[in-house]
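Below is one structure, written out as C-alpha cells; the observations come after it.
Just so it is clear, none of the values below were taken in a lab; they were calculated from the coordinates. None of these values were measured; they are calculated from a predicted model. Here the Cβ positions follow ideal geometry from the backbone for every residue, glycine too, while neighbour counts run over all protein chains shown.
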C-alpha cells in the first residue's frame, strides 16, 4: 500500500500541473524562493510606529524590521508607499503622507527621501524592495479636513466617488487611469525598485454601507471615538453578509468560494490563520473534485475548459496516455497532511507583532516537523 501511496502522490502532482493558472510549465528549480513580508504604513500598522516619531526613530524602527526578517531568512520586503492618495516619497502627483510626518503635505524634518533610503537599506541586506501602492482608495474616512490642499480630492473632485465611509478614485475615468500610470511611472523611473504591487479590495456592500444597525447617534459617535478602519466596521455587523456552512462536504460556486476564503469581517474567524485554513479547505476540495473518477471520465471536457485559462506543456494526448498507464483513481490513496498549532507548530508573535507559526521545538528548528511529515506519509491507509 505504501507504493500505491507514493504512486498516488505522483499522479496527483502530474494532474495538478495543469492547474497552475497562466504559469509556464517549463519547471526549473528557482535560484531563490520568494520569501516576502508586507510592511504596511497606512494608519501606522507596521511602520512608522507613530506618525509623530522623529526621523532617527523611524529609521531605527525600519532597520529593526529588516534585521528581524533577515534573521528569519526572508529575501523581499513589500513596503506600502501609497495608501490614500498620498506618498512616502517626494512626488509631483501626491502630497506627503500624514502617516509619515503627522500632517499630510508636510515633508520630513530633517528632510530625507524615505523611499530612496528604505531601498538602499533593504538592498544592503540582500532584500528585494517591492513598492506597494493602493491605487483607488483616496481617503480612510469622510474627514476631508485633514487632507492637504494638494490632495486629489481637492484638485480633482470630479475623479472621486463617495461610497460608504470613504472616497475612491473612479477607475472608469480615463483621466484616473492616466494619473495612476503617471504615479507608477514616476516611481519606476526615479527609484531602484524590484517590483510594483497593487492592492485594492476595499469595496463596501452596496445598499448597506451606511446602515446604523439600530445604533443611536450617541452610540455611533462613541464607536468612532473608540475604533477606526476595520475595527470600526466590525461594530456594524448588519452591513456584512453572514455566511454559514455546516461541517462536512458542501457545494460552492466560484462566488461563494471566494467569499468563504477571503472574508475577514468575522470577529471569531476573520483572522489570517482562520482564513488560511478556509483557503486550505477549498484547495483540498478542488483537488478531490479534479482527481475524482467523474472528472477523469470527462477529461476532454475538463481539459477544454482549463485550456481557456491556463497554459501547460502537457497536451491532451499525453494526459490520456498517463491515465492509461496509471489506471483508475480508485486504485490509489492520497495523503493529506496539515501542519498547524495542533501538531508541530505553536502560534506566537514576531518582534513587530505579526501573528506567526513557528516549530514547537523552537524557531528554525525543523527536525520534528520533518519527522512528523515522514510519519504521516508512511502511515498505512485506514
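Stretching residue 191 away from residue 279 to a fully extended chain increases their span by 28.1 nm, per 0.36 nm per residue minus the current alpha-carbon distance.
On full extension, the segment bounded by residue 216 and residue 49 gains 56.7 nm, given 0.36 nm per residue less the C-alpha separation. The eigenvalues of the Cα gyration tensor, multiplied by 5 and square-rooted, give segment 27-203 an equivalent ellipsoid with semi-axes of 28, 20, 14 Å from largest to smallest. Centre-to-centre, using Cα atoms only, segment 61-78 and segment 87-155 are separated by 21 Å. Computed extension gain for residue 184 through residue 107, at 0.36 nm per residue and net of the alpha carbon distance, reaches 25.7 nm. Once the C-beta distance of residue 305 and residue 335 is scaled by a Förster radius of 22 Å, the resulting FRET efficiency is 0.20 to the nearest 0.05.
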